[in-house]
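This report refers to the structure that appears directly beneath it.
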Ligand code: GDD
């Protein structure tokens, strides 16, 4: 049997995702109309002999309850949310729930970060892992040398694919091959995490409490039961014939900011063409709006047939789109209202927000820049004919004058 664990982090981890993480935990933010965590979960369907899926995090349990029960019955595989009492780090969190994860005595454990967007080639990774032997296989990808330092950089043997060297977010360039945050391990991983925890404890016992705290602060190592998968496990195990790499040639992105969620929404919509074409809207301009490219429209949304939507648009539940509206590259969240002839491009429109007639809400479409797209938080009102360009508007604001390159607090 195989189990999958998805690390969903907690509220303190989502700060770069503000203002969209104010009322929805980041893992439940919709990409292509489905919660972020839904994409790795549905990828798990293709794992042979999958017994259970666990989500581990320190968000409130009730925030995940509804989603977890509906996805369990949809997939007919138990999906459980396990809440840590405090952050234990990416490996510490896994170890904290060891007994539950090992309940079905799985031969392999998939471990996925929830904030990555890719095609999750999980069966292929498992096959490769079985061929390599060893304790774990990491999904890796080549990125540009300039962006590599945002991730774990690694060196792998070109023939055996063994992980030879691993450095987390190095200051000087090591390699353009990076860690995608998707792993498969044998249960031996628990022993390794246990040993690292014991080392942390021994180190703590060597020092008096206050000097341990000083050391901990100086080396930025949190408490003893906090174990990071990358620095504490992957780095020391590299070059010991324990870890191997599987390189993806497909798409891969990390989702730390709202702008990246818009980009990843496009990637998942494009993937729907192959794996869930039924989720894509088709328009005719008569009874339904005109649809351009990949678009998701929730069945409860009301879109006027004279509106023109797409490409890369996703429209959530109970949204109302009036006549003559044009939407390009945007996410419109639940209960928002867009009135006649408004225009939205490279933007995220928050829950219950409303755009007046002929309003324009747009960004330039630079996903790497903080103000590269426009974001309206929850319940923002943009009055008639007001233009909002490259701005972030916090919840509950009313905009009656046009703004550009501003953060409206
Ligand atoms: N449950 C739980 N508890 N989850 C956690 C905790 C924790 O204490 N800390 C982090 N996570 C989750 C995050 O939500 C995320 O899904 C994953 O673990 C990794 O988060 P970080 O440890 O903050 O690392 P990162 O996202 O900056 O970088 C990691 O992922 C990159 C790929 O996206 C590293 O492994 C990089 O090397 C890698 O390139």
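Residues being at pLDDT 95 or above, under 27 Å from residue 267 (Cα atoms) and in a strand (DSSP E or B) are represented in the stretch 91-109 by at least one member. In this structure, residue 107 does not qualify as out of contact with any helix residue (DSSP H, G or I) (no Cβ under 8 Å at 6 or more places or on another chain), more than 15 Å from the ligand (Cβ to nearest atom) and closer than 24 Å to residue 317 by Cα. When you scan the stretch 260-283, do you find a residue that is modelled with pLDDT under 95, over 19 Å from residue 39 (Cα atoms) and out of contact with any helix residue (DSSP H, G or I) (no Cβ under 6 Å at 6 or more places or on another chain), even just one? Within the stretch 260-283, one or more residues are modelled with pLDDT under 95, over 19 Å from residue 39 (Cα atoms) and out of contact with any helix residue (DSSP H, G or I) (no Cβ under 6 Å at 6 or more places or on another chain). Identification of strands (runs of 3 or more DSSP E) wholly contained in the stretch 293-366 with 1 or more residues that are within 17 Å of residue 378 (Cβ to Cβ) yields 313-315, 326-332, 343-349, 360-362. When 124, 162, 171 are checked against the criterion of being away from the ligand (no atom under 12 Å from the Cβ), closer than 13 Å to residue 242 by Cα, surrounded by fewer than 21 Cβ atoms within 10 Å (Cβ to Cβ) and over 17 Å from the mean Cα position of the chain (by Cα), a single residue qualifies: 162.
When the residues of the stretch 255-270 are narrowed to those that are outside any helix (DSSP H, G or I) and crowded, with 19+ Cβ neighbours inside 10 Å, which ends up nearest to the ligand (Cβ to nearest atom)? Taking the candidates together, the pick is 255. A count restricted to the stretch 1-17 and to residues that are away from the ligand (no atom under 15 Å from the Cβ) and either surrounded by 22 or more Cβ atoms within 10 Å (Cβ to Cβ) or without any contact (Cβ under 8 Å) to a residue 60 or more places away in the chain (or both) stands at 1. Give me the residue from the stretch 56-96 that is free of Cβ contacts under 8 Å to residues at least 12 places away in the same chain and out of contact with any strand residue (DSSP E or B) (no Cβ under 6 Å at 6 or more places or on another chain) and, out of that set, nearest to residue 198 (Cα to Cα). My answer is 62. Residue-level analysis places residue 149 outside the set of residues that are surrounded by fewer than 20 Cβ atoms within 10 Å (Cβ to Cβ), outside any helix (DSSP H, G or I) and at pLDDT 95 or above.
Screening residue 93 with (1) buried (at least 22 other Cβ atoms within 10 Å of the Cβ); (2) near the ligand (Cβ under 9 Å from one of its atoms); (3) within 22 Å of residue 246 (Cβ to Cβ) gives one miss only, at (3).
Results for (1) assigned to a helix (DSSP H, G or I); (2) at pLDDT 95 or above; (3) more than 16 Å from the ligand (Cβ to nearest atom), shown as yes or no for each residue.
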site	(1), (2), (3)
39	yes, yes, no
43	yes, yes, no
47	no, yes, yes
54	no, yes, no
65	yes, yes, yes
70	yes, yes, yes
73	yes, yes, yes
81	no, yes, no
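Which ones in the stretch 127-159 are touching a strand residue (DSSP E or B) at 6+ places or on another chain (Cβ under 7 Å) and more than 16 Å from the ligand (Cβ to nearest atom)? Those that are touching a strand residue (DSSP E or B) at 6+ places or on another chain (Cβ under 7 Å) and more than 16 Å from the ligand (Cβ to nearest atom): 128, 129, 132, 134, 135, 157.
The values are calculated or read from the model by the stated rules, or taken from the named source; none is laboratory data. Being a predicted model, the structure only gives us computed values, none of them experimental. In this analysis, Cβ positions are derived from the backbone assuming ideal geometry, glycine residues included, and neighbour counts consider all displayed protein chains.
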